[in-house]
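Encoded as C-alpha coordinates, the structure appears first; notes follow it.
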Amino acid sequence: MALLAGSYEKFIWGFALKSQSESHTLKPLFSFPSHLGPIKSVAVAGPVAASGAADDTIKVYDLSANTEIGSLLQHSGAVTALSFFTPAYLSFPRNLLSGSDDGTVAIYDADPFVHLKTVPAHKRGVIDLCIHPSGKLALSVGRDSCLAMLNLVRGRRSFCCRLDEEASIVNFDLDGERFFMATEEKVTVHKSEDARIVCEMNCQKRVLCTSQAENNLLFTGGEDRGITAWDTLTGKVSYCIENAHSTRVKGLVAFGGRRAGDASEDSYLIASASSDGVIRVWDMRMVHKEKPNSLAEANTKSRITCLAGSSLKSSQRPLIGNTARKGESEDV
(Lines give C-alpha, C1' and ligand atoms only; values in the text may rest on other atoms or scores of the structure.)
Protein backbone atom coordinates (compact mmCIF):
# COMPACT_ATOMS: atom_id res chain seq x y z
CA MET A 1 0.00 0.00 0.00
CA ALA A 2 1.24 3.46 -0.90
CA LEU A 3 0.65 6.90 0.59
CA LEU A 4 1.42 10.28 -0.97
CA ALA A 5 1.43 13.52 1.03
CA GLY A 6 1.86 17.09 -0.15
CA SER A 7 3.10 19.95 1.97
CA TYR A 8 3.03 23.74 2.18
CA GLU A 9 6.84 23.68 1.90
CA LYS A 10 6.51 22.36 -1.72
CA PHE A 11 7.76 18.86 -0.79
CA ILE A 12 6.07 15.64 -1.89
CA TRP A 13 6.37 12.63 0.44
CA GLY A 14 5.94 9.00 -0.56
CA PHE A 15 5.51 6.11 1.91
CA ALA A 16 4.82 2.38 1.69
CA LEU A 17 2.95 0.64 4.48
CA LYS A 18 4.84 -2.55 5.26
CA SER A 19 3.19 -5.29 7.30
CA GLN A 20 5.15 -8.10 8.90
CA SER A 21 3.58 -10.44 11.41
CA GLU A 22 1.71 -8.09 13.76
CA SER A 23 3.94 -5.04 13.18
CA HIS A 24 3.43 -2.22 10.68
CA THR A 25 5.86 0.45 9.51
CA LEU A 26 5.65 3.41 7.17
CA LYS A 27 8.71 3.06 4.98
CA PRO A 28 9.84 6.30 3.25
CA LEU A 29 10.00 5.91 -0.52
CA PHE A 30 10.96 9.42 -1.61
CA SER A 31 10.79 13.09 -0.66
CA PHE A 32 11.85 16.07 -2.75
CA PRO A 33 10.73 19.61 -3.63
CA SER A 34 8.61 18.76 -6.66
CA HIS A 35 6.86 22.15 -7.08
CA LEU A 36 7.65 25.86 -6.98
CA GLY A 37 4.64 26.61 -4.76
CA PRO A 38 2.65 24.95 -1.95
CA ILE A 39 1.08 21.63 -2.95
CA LYS A 40 -2.72 21.84 -3.03
CA SER A 41 -3.83 18.34 -4.09
CA VAL A 42 -2.62 14.77 -4.60
CA ALA A 43 -4.12 11.62 -6.12
CA VAL A 44 -3.00 7.98 -6.34
CA ALA A 45 -4.24 5.09 -8.51
CA GLY A 46 -2.27 1.85 -8.52
CA PRO A 47 1.32 2.56 -9.60
CA VAL A 48 0.70 6.15 -10.71
CA ALA A 49 0.33 9.33 -8.66
CA ALA A 50 -0.10 13.04 -9.32
CA SER A 51 0.25 16.29 -7.40
CA GLY A 52 -1.04 19.79 -8.13
CA ALA A 53 0.28 23.02 -6.68
CA ALA A 54 0.12 26.80 -6.55
CA ASP A 55 2.66 26.94 -9.40
CA ASP A 56 -0.17 25.99 -11.84
CA THR A 57 1.54 22.65 -12.54
CA ILE A 58 0.66 18.96 -12.22
CA LYS A 59 3.51 16.52 -11.55
CA VAL A 60 3.16 12.82 -12.38
CA TYR A 61 4.98 10.04 -10.48
CA ASP A 62 5.77 6.38 -11.06
CA LEU A 63 5.44 4.69 -7.67
CA SER A 64 6.95 1.44 -8.94
CA ALA A 65 10.20 3.32 -9.65
CA ASN A 66 9.75 6.05 -7.01
CA THR A 67 10.41 8.78 -9.55
CA GLU A 68 8.80 11.84 -11.08
CA ILE A 69 8.17 11.28 -14.80
CA GLY A 70 6.79 14.56 -16.11
CA SER A 71 4.65 17.67 -15.84
CA LEU A 72 1.25 18.80 -17.16
CA LEU A 73 0.90 22.53 -17.83
CA GLN A 74 -2.65 23.19 -19.05
CA HIS A 75 -3.89 25.42 -16.21
CA SER A 76 -3.38 29.15 -15.63
CA GLY A 77 -4.14 28.95 -11.91
CA ALA A 78 -3.29 26.83 -8.88
CA VAL A 79 -4.24 23.15 -9.28
CA THR A 80 -6.66 22.60 -6.41
CA ALA A 81 -8.21 19.17 -7.16
CA LEU A 82 -7.13 15.90 -8.79
CA SER A 83 -9.02 12.68 -9.42
CA PHE A 84 -8.14 9.48 -11.31
CA PHE A 85 -10.68 7.27 -13.06
CA THR A 86 -9.84 3.56 -12.98
CA PRO A 87 -12.37 1.11 -14.51
CA ALA A 88 -13.29 -1.83 -12.28
CA TYR A 89 -11.62 -4.31 -14.64
CA LEU A 90 -8.28 -2.45 -14.78
CA SER A 91 -5.48 -1.85 -12.28
CA PHE A 92 -4.15 1.19 -14.17
CA PRO A 93 -6.07 4.50 -14.43
CA ARG A 94 -7.68 5.47 -17.72
CA ASN A 95 -8.13 9.20 -17.11
CA LEU A 96 -7.03 12.04 -14.86
CA LEU A 97 -9.16 15.10 -14.11
CA SER A 98 -7.76 18.30 -12.61
CA GLY A 99 -9.51 21.39 -11.25
CA SER A 100 -7.93 24.81 -10.96
CA ASP A 101 -8.32 28.30 -9.52
CA ASP A 102 -8.87 29.42 -13.11
CA GLY A 103 -12.33 27.79 -12.92
CA THR A 104 -11.62 25.04 -15.46
CA VAL A 105 -11.42 21.24 -15.34
CA ALA A 106 -8.82 19.57 -17.56
CA ILE A 107 -9.28 16.02 -18.86
CA TYR A 108 -6.25 13.82 -19.59
CA ASP A 109 -5.70 10.38 -21.06
CA ALA A 110 -3.61 8.57 -18.45
CA ASP A 111 -1.83 6.15 -20.81
CA PRO A 112 0.23 8.08 -21.78
CA PHE A 113 -0.56 11.41 -20.12
CA VAL A 114 -1.98 13.51 -22.94
CA HIS A 115 -4.29 16.51 -22.59
CA LEU A 116 -7.69 15.85 -24.19
CA LYS A 117 -9.83 18.85 -23.34
CA THR A 118 -10.31 21.75 -20.93
CA VAL A 119 -13.88 22.42 -19.77
CA PRO A 120 -15.01 25.77 -18.26
CA ALA A 121 -16.77 24.60 -15.08
CA HIS A 122 -17.05 27.59 -12.70
CA LYS A 123 -16.94 31.38 -12.83
CA ARG A 124 -14.47 31.24 -9.96
CA GLY A 125 -11.95 28.61 -8.85
CA VAL A 126 -12.65 24.88 -8.58
CA ILE A 127 -12.44 23.65 -4.97
CA ASP A 128 -13.01 19.92 -5.42
CA LEU A 129 -14.14 17.38 -8.01
CA CYS A 130 -15.00 13.68 -8.30
CA ILE A 131 -15.65 11.13 -11.06
CA HIS A 132 -18.64 8.78 -11.18
CA PRO A 133 -17.66 5.06 -11.09
CA SER A 134 -18.98 4.74 -14.67
CA GLY A 135 -16.45 7.30 -15.88
CA LYS A 136 -19.17 9.10 -17.88
CA LEU A 137 -19.67 12.15 -15.67
CA ALA A 138 -18.02 14.19 -12.95
CA LEU A 139 -19.12 16.66 -10.27
CA SER A 140 -17.26 19.76 -9.15
CA VAL A 141 -17.80 22.51 -6.58
CA GLY A 142 -16.34 25.98 -6.88
CA ARG A 143 -15.78 29.30 -5.18
CA ASP A 144 -18.85 30.61 -7.01
CA SER A 145 -20.92 28.49 -4.57
CA CYS A 146 -22.11 26.27 -7.40
CA LEU A 147 -22.29 22.53 -8.08
CA ALA A 148 -21.45 21.60 -11.68
CA MET A 149 -21.97 18.34 -13.57
CA LEU A 150 -19.54 17.55 -16.38
CA ASN A 151 -20.38 15.21 -19.26
CA LEU A 152 -17.11 13.35 -19.80
CA VAL A 153 -18.39 11.61 -22.95
CA ARG A 154 -18.99 14.90 -24.75
CA GLY A 155 -16.41 16.89 -22.83
CA ARG A 156 -18.63 19.76 -21.68
CA ARG A 157 -20.52 21.09 -18.69
CA SER A 158 -24.09 19.79 -18.74
CA PHE A 159 -25.55 21.23 -15.53
CA CYS A 160 -24.85 23.87 -12.88
CA CYS A 161 -26.85 24.88 -9.79
CA ARG A 162 -26.42 27.42 -7.03
CA LEU A 163 -25.76 26.11 -3.50
CA ASP A 164 -26.91 27.70 -0.26
CA GLU A 165 -23.32 27.57 1.02
CA GLU A 166 -19.93 27.12 -0.60
CA ALA A 167 -18.99 23.42 -0.52
CA SER A 168 -15.41 22.33 0.11
CA ILE A 169 -15.69 18.60 -0.67
CA VAL A 170 -17.72 16.57 -3.18
CA ASN A 171 -17.48 12.85 -3.86
CA PHE A 172 -19.50 9.85 -5.03
CA ASP A 173 -20.00 6.79 -2.86
CA LEU A 174 -18.43 3.52 -3.92
CA ASP A 175 -21.28 2.42 -6.23
CA GLY A 176 -22.16 5.89 -7.54
CA GLU A 177 -25.78 5.81 -6.41
CA ARG A 178 -25.22 8.69 -4.00
CA PHE A 179 -22.84 11.60 -3.58
CA PHE A 180 -21.98 13.77 -0.60
CA MET A 181 -20.88 17.36 -0.06
CA ALA A 182 -19.18 19.00 2.91
CA THR A 183 -19.91 22.62 3.87
CA GLU A 184 -18.13 23.85 6.98
CA GLU A 185 -19.39 21.58 9.85
CA LYS A 186 -22.08 19.77 7.84
CA VAL A 187 -21.96 16.84 5.41
CA THR A 188 -25.02 16.12 3.23
CA VAL A 189 -25.70 12.89 1.33
CA HIS A 190 -27.62 13.16 -1.96
CA LYS A 191 -29.21 10.76 -4.43
CA SER A 192 -27.23 10.86 -7.67
CA GLU A 193 -30.29 10.70 -9.93
CA ASP A 194 -31.96 13.88 -8.65
CA ALA A 195 -29.55 15.39 -6.05
CA ARG A 196 -32.21 14.97 -3.35
CA ILE A 197 -30.83 15.14 0.20
CA VAL A 198 -31.31 11.81 1.95
CA CYS A 199 -29.14 12.30 5.01
CA GLU A 200 -27.32 15.01 6.97
CA MET A 201 -24.35 14.66 9.31
CA ASN A 202 -23.58 17.53 11.67
CA CYS A 203 -20.00 17.63 12.92
CA GLN A 204 -18.73 19.60 15.89
CA LYS A 205 -16.16 21.56 13.91
CA ARG A 206 -15.21 22.26 10.29
CA VAL A 207 -14.64 19.20 8.09
CA LEU A 208 -11.37 19.36 6.12
CA CYS A 209 -11.13 15.84 4.66
CA THR A 210 -13.19 12.70 4.08
CA SER A 211 -12.68 9.12 2.94
CA GLN A 212 -15.13 6.35 2.11
CA ALA A 213 -15.05 2.76 3.31
CA GLU A 214 -17.20 -0.32 2.92
CA ASN A 215 -20.45 -0.92 4.84
CA ASN A 216 -21.73 2.60 4.06
CA LEU A 217 -19.13 4.23 6.30
CA LEU A 218 -17.75 7.71 5.72
CA PHE A 219 -14.73 8.94 7.66
CA THR A 220 -14.35 12.64 8.38
CA GLY A 221 -11.52 14.67 9.90
CA GLY A 222 -10.82 18.33 10.43
CA GLU A 223 -10.60 21.04 13.05
CA ASP A 224 -11.68 18.69 15.86
CA ARG A 225 -8.37 16.76 15.49
CA GLY A 226 -10.22 13.43 15.55
CA ILE A 227 -11.41 10.77 13.10
CA THR A 228 -15.14 10.09 12.97
CA ALA A 229 -16.87 7.19 11.20
CA TRP A 230 -20.43 7.99 10.07
CA ASP A 231 -23.19 5.65 8.97
CA THR A 232 -24.36 7.36 5.76
CA LEU A 233 -27.70 5.52 5.87
CA THR A 234 -28.74 6.99 9.22
CA GLY A 235 -26.48 10.03 9.62
CA LYS A 236 -25.34 8.79 13.03
CA VAL A 237 -21.81 8.36 14.40
CA SER A 238 -20.64 4.74 14.33
CA TYR A 239 -17.41 5.35 16.26
CA CYS A 240 -14.75 7.97 16.76
CA ILE A 241 -11.05 8.33 17.57
CA GLU A 242 -10.83 11.48 19.65
CA ASN A 243 -7.59 13.49 19.58
CA ALA A 244 -6.10 11.27 16.88
CA HIS A 245 -3.66 14.13 16.25
CA SER A 246 -2.45 17.15 18.18
CA THR A 247 -3.44 19.50 15.32
CA ARG A 248 -6.19 19.53 12.68
CA VAL A 249 -6.53 16.53 10.39
CA LYS A 250 -5.78 17.44 6.74
CA GLY A 251 -6.03 14.06 5.01
CA LEU A 252 -7.68 10.63 5.35
CA VAL A 253 -7.28 7.42 3.33
CA ALA A 254 -9.48 4.37 4.04
CA PHE A 255 -7.84 1.40 2.33
CA GLY A 256 -10.80 -0.97 2.22
CA GLY A 257 -13.81 -1.18 -0.06
CA ARG A 258 -12.41 0.28 -3.24
CA ARG A 259 -12.67 -2.84 -5.38
CA ALA A 260 -14.33 -6.21 -5.31
CA GLY A 261 -12.02 -8.72 -3.71
CA ASP A 262 -10.39 -6.13 -1.46
CA ALA A 263 -11.75 -7.78 1.69
CA SER A 264 -8.66 -8.48 3.78
CA GLU A 265 -7.06 -7.28 6.98
CA ASP A 266 -5.99 -4.18 5.04
CA SER A 267 -9.63 -3.17 4.67
CA TYR A 268 -9.66 -2.27 8.37
CA LEU A 269 -6.81 0.24 8.02
CA ILE A 270 -7.13 4.00 7.70
CA ALA A 271 -4.34 6.55 7.36
CA SER A 272 -4.55 10.10 8.66
CA ALA A 273 -2.31 13.13 8.28
CA SER A 274 -2.25 16.34 10.31
CA SER A 275 -1.03 19.85 9.64
CA ASP A 276 1.99 19.33 11.94
CA GLY A 277 3.43 16.76 9.51
CA VAL A 278 2.50 13.53 11.31
CA ILE A 279 1.02 10.58 9.37
CA ARG A 280 -0.56 7.72 11.32
CA VAL A 281 -2.16 4.39 10.39
CA TRP A 282 -4.99 2.98 12.48
CA ASP A 283 -6.73 -0.39 12.77
CA MET A 284 -10.40 0.50 13.00
CA ARG A 285 -11.16 -2.79 14.76
CA MET A 286 -9.36 -1.38 17.80
CA VAL A 287 -11.46 1.78 18.16
CA HIS A 288 -13.64 0.28 20.88
CA LYS A 289 -10.66 0.29 23.22
CA GLU A 290 -10.45 3.20 25.61
CA LYS A 291 -7.27 4.58 24.01
CA PRO A 292 -6.60 3.06 20.58
CA ASN A 293 -2.99 3.36 19.47
CA SER A 294 -1.79 3.90 15.93
CA LEU A 295 -0.16 0.94 14.18
CA ALA A 296 2.49 3.03 12.44
CA GLU A 297 3.63 6.64 12.40
CA ALA A 298 5.88 8.90 10.35
CA ASN A 299 6.80 12.54 10.93
CA THR A 300 7.57 14.59 7.82
CA LYS A 301 8.32 17.70 9.91
CA SER A 302 6.42 19.77 7.36
CA ARG A 303 2.97 21.33 7.10
CA ILE A 304 0.96 18.65 5.33
CA THR A 305 -1.83 19.96 3.11
CA CYS A 306 -3.22 16.79 1.48
CA LEU A 307 -3.00 12.99 1.53
CA ALA A 308 -3.85 10.23 -0.96
CA GLY A 309 -3.24 6.50 -1.09
CA SER A 310 -3.86 3.22 -2.84
CA SER A 311 -4.36 -0.27 -1.46
CA LEU A 312 -3.26 -1.76 -4.78
CA LYS A 313 0.21 -3.18 -5.11
CA SER A 314 2.62 -0.78 -6.78
CA SER A 315 4.35 -3.59 -8.66
CA GLN A 316 2.27 -2.93 -11.77
CA ARG A 317 3.79 -2.27 -15.18
CA PRO A 318 6.28 0.61 -14.96
CA LEU A 319 5.52 4.03 -16.40
CA ILE A 320 9.05 4.82 -17.47
CA GLY A 321 8.90 5.48 -21.19
CA ASN A 322 5.31 6.80 -21.04
CA THR A 323 6.42 10.42 -20.84
CA ALA A 324 3.87 12.89 -19.54
CA ARG A 325 3.54 15.62 -22.10
CA LYS A 326 1.34 18.42 -23.31
CA GLY A 327 -0.92 17.29 -26.16
CA GLU A 328 -3.18 19.02 -28.61
CA SER A 329 -6.78 19.54 -27.51
CA GLU A 330 -9.32 17.24 -29.09
CA ASP A 331 -12.82 15.95 -28.45
CA VAL A 332 -13.09 13.34 -25.73
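The values are calculated or read from the model by the stated rules, or taken from the named source; none is laboratory data. Since we're looking at a predicted model, the values are computed, not measured. Cβ placement follows ideal geometry from the backbone for every residue including glycine, while neighbour counts extend to all protein chains displayed. The area values use the complete protein model at the heavy-atom level, side chains included, leaving out ligands, DNA and RNA. Shrake-Rupley method; radii C 1.70, N 1.55, O 1.52, S 1.80 Å.
Across segment 17-49, what is the number of residues that are of a type in the set (A, V, I, L, M, F, W, C) and under 17 Å from Trp282 (Cβ atoms)?
To start, the set of residues in segment 17-49 that are of a type in the set (A, V, I, L, M, F, W, C) comprises 17, 26, 29-30, 32, 36, 39, 42-45, 48-49.
If we keep only those that are under 17 Å from Trp282 (Cβ atoms) as well, we get 17, 26.
Count: 2.
Hey, does segment 65-72 have a residue that's surrounded by fewer than 21 Cβ atoms within 10 Å (Cβ to Cβ) and in contact with an Asp or Glu (Cβ under 6 Å, 6 or more places away or on another chain)?
Yes, segment 65-72 contains a residue that is surrounded by fewer than 21 Cβ atoms within 10 Å (Cβ to Cβ) and in contact with an Asp or Glu (Cβ under 6 Å, 6 or more places away or on another chain).
Report those strands (runs of 3 or more DSSP E) wholly inside segment 124-188 carrying at least 1 residues which are open to solvent by 40 Å² or more (accessible area, probe 1.4 Å) and either modelled with pLDDT of 95 or more or not hydrophobic (A, V, I, L, M, F, W, C) (or both). Steps first, please.
Values: elements: 126-131, 137-142, 146-151, 156-162, 169-172, 178-183.
Qualifying strands (runs of 3 or more DSSP E): 137-142, 146-151, 156-162, 169-172.
Restricting attention to segment 36-45, does a residue exist that is in a loop (DSSP other than H, G, I, E, B), touching a residue at least 12 places away in the same chain (Cβ under 8 Å) and farther than 27 Å from Ser275 by Cβ?
no
Search segment 85-100 for residues being open to solvent by 30 Å² or more (accessible area, probe 1.4 Å) and touching a strand residue (DSSP E or B) at 6+ places or on another chain (Cβ under 6 Å), and hand back the single one that is nearest to Arg124 (Cα to Cα).
From segment 85-100, those open to solvent by 30 Å² or more (accessible area, probe 1.4 Å) are 86, 88-91, 94-95; that's our starting set.
Then keep just the ones that are touching a strand residue (DSSP E or B) at 6+ places or on another chain (Cβ under 6 Å); that gives 86, 94-95.
Working: Thr86: 28, Arg94: 28, Asn95: 24 Å.
Checked segment 85-100; the qualifying residue nearest to Arg124 (Cα to Cα) is Asn95.
Open to solvent by 30 Å² or more (accessible area, probe 1.4 Å), within 21 Å of Leu129 (Cα to Cα), among the hydrophobic types (A, V, I, L, M, F, W, C) and outside any loop (DSSP other than H, G, I, E, B): does that describe Leu252?
For Leu252, the condition - open to solvent by 30 Å² or more (accessible area, probe 1.4 Å), within 21 Å of Leu129 (Cα to Cα), among the hydrophobic types (A, V, I, L, M, F, W, C) and outside any loop (DSSP other than H, G, I, E, B) - is not met.
Restricting attention to segment 296-311, which residues are in contact (Cβ under 8 Å) with a residue 60 or more places away in the chain, farther than 19 Å from Ser83 by Cα and not hydrophobic (A, V, I, L, M, F, W, C)?
Glu297, Thr300, Ser302, Arg303
Of the conditions (1) open to solvent by less than 70 Å² (accessible area, probe 1.4 Å); (2) out of contact with any Phe, Trp or Tyr (no Cβ under 7 Å at 6 or more places or on another chain); (3) farther than 27 Å from Lys136 by Cα, Arg225 fails just one. Which one is it?
For Arg225, the exception is condition (1).
For segment 82-131, how many residues meet the condition of being over 19 Å from Glu166 (Cα atoms) and of a type in the set (Val, Ile, Thr)?
The qualifying residues number 6.
Output the residue which, of all residues in segment 202-214 that are of a type in the set (A, V, I, L, M) and at pLDDT 95 or above, is nearest to Ala271 (Cα to Cα).
The qualifying residue nearest to Ala271 (Cα to Cα) is Leu208.
Which residue pairs have Cβ atoms closer than 9 Å, lie 6 or more positions apart in sequence or on different chains, and pair a first residue in segment 174-188 that is touching a residue at least 12 places away in the same chain (Cβ under 8 Å) with a second residue that is part of a strand (DSSP E or B) and of a type in the set (Ser, Thr, Tyr)?
Phe180/Thr188; Phe180/Thr210; Met181/Thr188; Ala182/Thr188; Ala182/Thr210; Ala182/Thr220; Val187/Thr210; Val187/Thr220
Does Val60 satisfy the condition of being under 13 Å from Asp111 (Cα atoms) and not small (Gly, Ala, Ser)?
In short, yes.
Checking Ser168 against (1) over 29 Å from Asp224 (Cα atoms); (2) in contact with a Leu (Cβ under 8 Å, 6 or more places away or on another chain), which test does it fail?
Answer for Ser168: the failing condition is (1).
Every residue, every condition in (1) surrounded by fewer than 20 Cβ atoms within 10 Å (Cβ to Cβ); (2) more than 21 Å from Asn299 (Cα to Cα); (3) in contact with a Pro (Cβ under 9 Å, 6 or more places away or on another chain), yes or no:
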| residue | (1), (2), (3) |
| --- | --- |
| Ser23 | yes, no, no |
| Ile39 | no, no, no |
| Pro47 | no, yes, yes |
| Gly77 | yes, yes, no |
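Confirm whether Ala16 is part of a strand (DSSP E or B), at pLDDT 95 or above and open to solvent by less than 20 Å² (accessible area, probe 1.4 Å).
no
Only one of these is in a loop (DSSP other than H, G, I, E, B), under 17 Å from Phe172 (Cβ atoms) and not basic (Lys, Arg): Asn215, Asn243. Name it.
Testing whether each residue is in a loop (DSSP other than H, G, I, E, B), under 17 Å from Phe172 (Cβ atoms) and not basic (Lys, Arg) leaves just Asn215.
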